[in-house]
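Please read the structure below before turning to the comments.
The values are calculated or read from the model by the stated rules, or taken from the named source; none is laboratory data. The structure displayed is predicted, hence computed values, not measured ones. Backbone-built Cβ (ideal geometry, glycine too); neighbour counts: all protein chains shown.
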Amino acid sequence: MSKVIFKRPRYLKQNVFHYCPGCGHSIIHRLIAEVLEELEIGDKAICVPPAGCAVLAYNYLDVDMGEAPHGRAVAVATGIKRILPDRIVFTYQGDGDIAAIGTAEVIHAANRGERITAIFVNNGVYGMTGGQMAPTTLLGQVSTTTPFGRDISRDGFPLDLSEMLAVAKGSVYIERTAVNSPKNVRHAKKAIEKAFKVQMANLGFSLVEILSQCPTNWKMAPKDAVKHIENVVTKFYPLKVIKDESGIS
Amino acid sequence: MSEKVLMRGSHVIGEAAVRAGCRFYAGYPITPQNELTEYMAAAMARYQDRVFIQAESELAAINMVIGAAMAGARAMTSSSSPGVSLKQEGISYLAGQELPAVIVNLMRGGPGLGNIAPTQGDYFQATRGGGHGDYRTIVLAPASGQEIADLTIKAFEYADHYRTPVMLLGDGMMGQMMEPVVLPPPVDVSLLPQKPYILDGAKGRPARLIKSLYLDPAIMEEHNWKLYRKYQQIAREITQWEEFMVEDARLIVVAYGTCARIAKGAIRRLREMDIKVGMLRPITLFPFPSKVLRELSLKAKDFLVLELSTGQMLEDVRLAIEGRARTHFYGRPGGVVPTPDEVAKHINLLYHRQELNGGENE
């Protein structure tokens, strides 16, 4: 008898991803779907997707979805969670969404200790709009709005949002991961699982930052993009547990 | 359960909202509506399952309201003019996503930071949609404490029934004045119709989606027409107004909210002098009572629009009258509130000038 060792997760719809070849979003979607199934929380989960490339996440994740204006996902999630405290509410946001236009919302949601989980996908560019500078764009990195590279004096520094959120007293668990290698993908899944467990235990705000490759806007081959995360991006954004007061192992 | 109490307008909104079953309130401090936010902070705490959040911004507040509405709750936010400008993004999303919510705007002087005195300068913003996109917001304009209570209840009913944002539009005067009010009995929220669209986890049913993104222009167009048909239905079903001494009136004042109260005082004085003047008071600003104005314009030849602005509702009055009668305007923008005496003098002059020149256009 043959044994099933790999299958489509219950909460991933049977649709073809629209994401570019080599993009990290499809991997992250799958990880979330797997975790929802394994923790048996998919039928009480509500996702707030962002504006950006993942705006169509509702075509892939088979859970209740409520679209938020650009940057406002955690505020919308706050409203949902406060009305339905026994549901699992999470946002899925890019770096522009959560670390630029939505900075105020996420800092205050974290500070209030909202029992929600944010999945923060950091690829260092505005992908959907064509590769403009994001708050997380690295120094010297070329984008369509930093044609000569990000310049400190003109563009400021890449923002350490996760570190900032760790300062907020209401945040419980914050970890930076990546999806550029099988090892990192497996670890990112563990982090997502832990973040949801923090919410299930009603402990406070949890966030998983995921460094993700954007071959299209980085103008790199996919295999070069994953190497770029290892060799360059993680030097500025090191993979680590930034804060863990959960007591969950 | 009905009881008569003496309360200030902002507290009446709060208490009526609580009685309407408002389960979620988010707000941000701004004068002259802080009394409402403060009332909600205390009132919501009386119930285990109700939520009050002082948000970090007006933007966050309206977006929290979006979330609460997605989760099925009756939800409200309140602010004053500059804060309501910030909320417009969320109001557009509520309209596009067809979610119910109540937004209170107690208007203050503007543009910009303006001042904190009563005005009606946000009429265009309130009635034309305010945010981006092709939509309208139901706008209710109370003119007394009792009407504040009744229309607050109605605001929640309309929002749920039509799945659309509803704005309660007043000003600092409406919020501060104290009048005896018969408070409505509390609504039993459990008896309200189920909302088959809410997000509460897809247990035992297909997953749901609430969105306003329609990338295909043909589908987006149909969504716009769908909203349009809804606004047409709203216009047929809920347009409200008050007629005051219009039967024999040669001159009809058109005014809403605070201005209508002032006009009423003026009209009573003028009637004692046998001057045939009356008033049409729109209670719903969207939908606007165009039909009754059209009918009145077949009889009365002069209409005076009175506003605490440089003339905004004036445009709707002119559109309704379509040149059948003369429209005049008297406005005090920027937070200046005219006295009934001032308004009476102006009406008197206008009335006699029109009588003397035999109704020729000015």
Looking at region B:29-51 only, could you name the residues that are assigned to a loop (DSSP other than H, G, I, E, B) and within 14 Å of chain A (Cβ to nearest Cβ)? B:Ala45, B:Tyr47, B:Gln48, B:Asp49, B:Arg50
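Quick test for you: out of B:Pro180, B:Pro193, B:Pro185, pick the one residue that is in a loop (DSSP other than H, G, I, E, B), away from chain A (no Cβ under 14 Å) and either closer than 23 Å to B:Ala43 by Cβ or without any contact (Cβ under 8 Å) to a residue 12 or more places away in the chain (or both).
From the options B:Pro180, B:Pro193, B:Pro185, the qualifying one is B:Pro185.
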Give me the pairs: first residue in region B:205-230 and at the interface with chain A (Cβ under 8 Å from one of its Cβ atoms), second residue surrounded by 14 or more Cβ atoms within 10 Å (Cβ to Cβ) and of a type in the set (Asp, Glu), beta-carbon distance under 6 Å, and six or more apart or on different chains, which are they? B:Ala207/A:Asp62; B:Ala207/A:Asp64; B:Arg208/A:Asp64; B:Lys211/A:Glu67
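Among the listed residues B:Glu89, B:Glu98, which satisfies the condition of being farther than 28 Å from B:Val182 by Cα and at the interface with another protein chain (Cβ under 10 Å from one of its Cβ atoms)?
B:Glu89
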Looking at (1) in contact (Cβ under 8 Å) with a residue 24 or more places away in the chain; (2) more than 17 Å from B:Trp241 (Cα to Cα), which one does B:Thr152 not meet, given that it meets all the others? (2)
Going by the structure shown, is B:Tyr214 under 30 Å from B:Thr119 (Cα atoms) and outside any strand (DSSP E or B)? no
Kindly list the number of the only condition in (1) farther than 30 Å from A:Val48 by Cβ; (2) out of contact with any strand residue (DSSP E or B) (no Cβ under 7 Å at 6 or more places or on another chain) that fails for B:Ile198. (1)
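Each row is one residue, and each column tells you yes or no for (1) within 18 Å of A:Val233 (Cβ to Cβ); (2) among the hydrophobic types (A, V, I, L, M, F, W, C); (3) outside any strand (DSSP E or B).
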residue: A:Gly140; (1), (2), (3): yes, no, yes
residue: A:Arg150; (1), (2), (3): yes, no, yes
residue: A:Leu159; (1), (2), (3): yes, yes, yes
residue: A:Lys169; (1), (2), (3): no, no, yes
residue: A:Glu175; (1), (2), (3): yes, no, no
residue: A:Asn184; (1), (2), (3): yes, no, yes
Residue pairs within 7 Å by beta carbon, gap of at least six or interchain, first lying in region A:79-99 and farther than 16 Å from A:Ala110 by Cβ, second acidic (Asp, Glu), listed first then second, are A:Leu84/B:Asp200; A:Arg87/B:Asp200
Condition set of a type outside the set (Lys, Arg) and at the interface with another protein chain (Cβ under 9 Å from one of its Cβ atoms), scope region A:33-46, selection nearest to A:Asp95 (Cα to Cα): answer is A:Ile46
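Residues to consider are A:Gly79, A:Gly71; find the one that is outside any loop (DSSP other than H, G, I, E, B) and either buried (at least 18 other Cβ atoms within 10 Å of the Cβ) or at the interface with chain B (Cβ under 9 Å from one of its Cβ atoms) (or both). Break it down stepwise before answering.
Details: A:Gly71 fails: outside any loop (DSSP other than H, G, I, E, B).
Sole residue among the options that is outside any loop (DSSP other than H, G, I, E, B) and either buried (at least 18 other Cβ atoms within 10 Å of the Cβ) or at the interface with chain B (Cβ under 9 Å from one of its Cβ atoms) (or both): A:Gly79.
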Hey, among A:Leu207, A:Leu159, A:Leu165, which residue is surrounded by fewer than 21 Cβ atoms within 10 Å (Cβ to Cβ) and aliphatic (A, V, I, L, M)? A:Leu159
Selected residue (only one of A:Ile41, A:Ile27, A:Ile32 is surrounded by 24 or more Cβ atoms within 10 Å (Cβ to Cβ) and either in contact (Cβ under 8 Å) with a residue 40 or more places away in the chain or in contact with an Asp or Glu (Cβ under 6 Å, 6 or more places away or on another chain) (or both)): A:Ile32
Selection from region A:105-128 of residues that are of a type outside the set (A, V, I, L, M) and in contact with a helix residue (DSSP H, G or I) (Cβ under 8 Å, 6 or more places away or on another chain): A:Glu105, A:His108, A:Arg112, A:Glu114, A:Arg115, A:Thr117, A:Phe120, A:Asn122, A:Asn123, A:Gly124, A:Tyr126, A:Gly127
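With respect to A:Thr137, determine if the residue is more than 19 Å from A:Glu175 (Cβ to Cβ), away from chain B (no Cβ under 14 Å) and of a type outside the set (Lys, Arg). Give the steps one after another, and end with the answer.
Numbers: more than 19 Å from A:Glu175 (Cβ to Cβ): yes; away from chain B (no Cβ under 14 Å): yes; of a type outside the set (Lys, Arg): yes.
In short, yes.
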Surrounded by fewer than 15 Cβ atoms within 10 Å (Cβ to Cβ) and among the acidic types (Asp, Glu) - does that describe any residue in region B:271-290? yes
Report yes if some residue within region B:16-28 is surrounded by fewer than 24 Cβ atoms within 10 Å (Cβ to Cβ), within 14 Å of chain A (Cβ to nearest Cβ) and touching a Gly at 6+ places or on another chain (Cβ under 8 Å); otherwise report no. yes
Would you tally the residues in region A:168-184 being under 20 Å from A:His228 (Cβ atoms), surrounded by fewer than 17 Cβ atoms within 10 Å (Cβ to Cβ) and touching a Gly at 6+ places or on another chain (Cβ under 9 Å)? 0
Specify which of the listed residues (A:Gly94, A:Gly22) is more than 14 Å from chain B (Cβ to nearest Cβ), surrounded by fewer than 24 Cβ atoms within 10 Å (Cβ to Cβ), in contact with a helix residue (DSSP H, G or I) (Cβ under 7 Å, 6 or more places away or on another chain) and closer than 30 Å to A:Pro222 by Cα. A:Gly22
Is region B:39-52 home to any residue that is touching a Cys at 6+ places or on another chain (Cβ under 7 Å) and either crowded, with 24+ Cβ neighbours inside 10 Å or in the same structural domain as B:Val166 (by TED's automatic domain parsing) (or both)? no
